[in-house]
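Quick note: the coordinates plus some simple rules give every number you see, no bench work behind them. Keep in mind that this is a model prediction, so the values were computed, not measured. Note: ideal-geometry Cβ built from the backbone for every residue, glycine included; neighbour counts use all protein chains shown.
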Amino acid sequence: MDNRSYFLDETLWYKAYVVDSDSNKLTKASEILHIELLSPEGAVIRTQKQRLTESQCDGYHFF
């Protein structure tokens, strides 16, 4: 992510990689990334699914 915290009307940008924990190399273990945005208290604010392309995806959320 590009920041530690966000406020209303801000955009959160992200880039995700799916890697093997042993080799730390990209893996095709999944085709879909499930994203959850949490409040400081741990409550789920939003969920999103992104299709992975070559074990990577990127996107954004508006608040």
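Just one of (1) free of Cβ contacts under 8 Å to residues at least 12 places away in the same chain; (2) in contact with a Ser or Thr (Cβ under 8 Å, 6 or more places away or on another chain) trips up Leu37, so point out which.
Failed condition: (1).
Residue under question is Leu37, and the condition is that it be of a type outside the set (Val, Ile, Thr) and closer than 28 Å to Ser5 by Cβ; does it hold?
yes
Of the residues Glu31, Glu41, Glu10, only one is surrounded by fewer than 10 Cβ atoms within 10 Å (Cβ to Cβ) and among the acidic types (Asp, Glu); which?
Exactly one of Glu31, Glu41, Glu10 is surrounded by fewer than 10 Cβ atoms within 10 Å (Cβ to Cβ) and among the acidic types (Asp, Glu), namely Glu41.
Say whether the condition of being in contact with a Gly (Cβ under 6 Å, 6 or more places away or on another chain) and either within 16 Å of Arg4 (Cα to Cα) or surrounded by 10 or more Cβ atoms within 10 Å (Cβ to Cβ) (or both) is met by at least one residue in the range 44-62.
Taking every residue of the range 44-62 in turn, at least one turns out to be in contact with a Gly (Cβ under 6 Å, 6 or more places away or on another chain) and either within 16 Å of Arg4 (Cα to Cα) or surrounded by 10 or more Cβ atoms within 10 Å (Cβ to Cβ) (or both).
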